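Shown next, in structure tokens, is the structure this report addresses.
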Amino acid sequence: MRAPAALLSLLLLFVTAAGEAATFRELLDARTANVWVEGQVLGDMVLGARARLAFILVDQALARSLSGNPDVPDWLAWHGQNYGAKGKTLFVIRLKVLKPWTFDPRELRVGDHKVTLEDIRARIHYLPEGDLPTGLEATVAVLIPTKALPARGPISLGYGEYGTEWTAPR
């Protein structure tokens with residue numbers, strides 16, 4: 001008589017735990033911050049932006065959700081493989097060009113760190129750079145020294161003079 005009750009309790013525990021687990025989309029949304037180049041943000045609208053840069057923090061929780069998940073876009077699964085470098089934090093930056101734009105990856109910044117070509121985890125031939133056409137979408141993965149990020153509080157993310165303050169999920 002005790003075994004069925006124990007089995008039922010264990011089953012309820014697993015169902016409850018599964019219901020609380022975050023979906024891939026929830027993990028991704030919580031770890032994404034947008035920077036609008038030349039854009040004016042008005043509530044839910046953005047006017048006049050030349051480009052959108054989505055900075056995605058790949059932490060342990062997001063990295064775990066990437067493997068074998070059919071909801072994960074190929075570009076994120078590919079760049080997510082760079083997660084786990086000692087003393088480094090991985091950011092995947094998704095660019096979407098809204099108007100013709102001249103892009104220089106050395107203008108990217110995360111925390112107190114200005115991105116260098118050595119931080120970028122891509123072959124130089126595949127790196128978007130220079131004059132980019134409207135509609136282009138590209139991805140740049142960067143490994144930032146963890147010591148350049150604040151231990152608590154908001155992280156400054158940006159491109160040139162454009163940026164945002166964002167707080168990473170715990």
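Show the residues, 5+ positions off or on another chain, whose built amide H is closer than 5 Å to the amide H of A168.
I155
With N denoting the number of residues in segment 21-118, provide Rg(C-alpha) divided by 2.2 N^0.38 Å, to two decimal places.
Normalised Rg, Cα atoms only: 1.17.
Rolling a 1.4 Å sphere over the protein heavy atoms, what is the accessible area per residue of the chain, to the nearest Å²?
Here the per-residue accessible area is 61 Å².
At a probe size of 1.4 Å, how large is the accessible area of Y159, to the nearest 10 Å²?
Approximately 20 Å² for this residue.
In the full protein assembly as shown, how much of E118 is accessible to a 1.4 Å probe, in Å² to the nearest 10?
140
Carbon and sulfur atoms: what percent of the 1.4 Å accessible area of the chain do they account for?
55
For W78, W36, W101, what's the largest-to-smallest order of accessible area, 1.4 Å probe?
Order by accessible area, largest first: W78, W36, W101.
Apply the Debye scattering formula to segment 76-141, with a single equal point scatterer on each alpha-carbon and no solvent, then give log10 I(q)/I(0) at q = 0.12, 0.25 Å⁻¹.
The calculated log intensity ratios at q = 0.12, 0.25 Å⁻¹ are -0.32, -1.25.
Measure of size requested: the Rg and Dmax of the chain, with Cα atoms as the atom set and Å as the unit; please supply both.
So, for the chain, Rg and Dmax equal 19.3, 73 Å respectively.
Under the rule of -39500 (n - 2.57) per DSSP H run of 4 or more residues, summed and divided by the residues of the chain, what mean residue ellipticity at 222 nm is obtained, to the nearest 500 deg cm²/dmol?
-7000 deg cm²/dmol
How much of the calculated P(r) for segment 19-61 lies past 13 Å, in percent of all Cα pairs?
When all Cα pairs of segment 19-61 are counted, 63 percent exceed 13 Å.
Which whole-number percentage describes the relative contact order of segment 86-157, with Cα contacts under 8 Å and a sequence gap of 6 or more?
About 49 percent, as a whole number.
Using all C-alpha to C-alpha distances in segment 117-170, build P(r) with 5 Å bins and read off the rounded percent in each one.
Once binned at 5 Å, the Cα pair distances of segment 117-170 give 4, 13, 18, 24, 19, 12, 7, 2.
The values are calculated or read from the model by the stated rules, or taken from the named source; none is laboratory data. Note that the structure is a prediction, hence the values are computed from the model and not measured. What goes into the accessible areas is simple: the full protein's heavy atoms, side chains included, and nothing from ligands, DNA or RNA. Shrake-Rupley method; radii C 1.70, N 1.55, O 1.52, S 1.80 Å.
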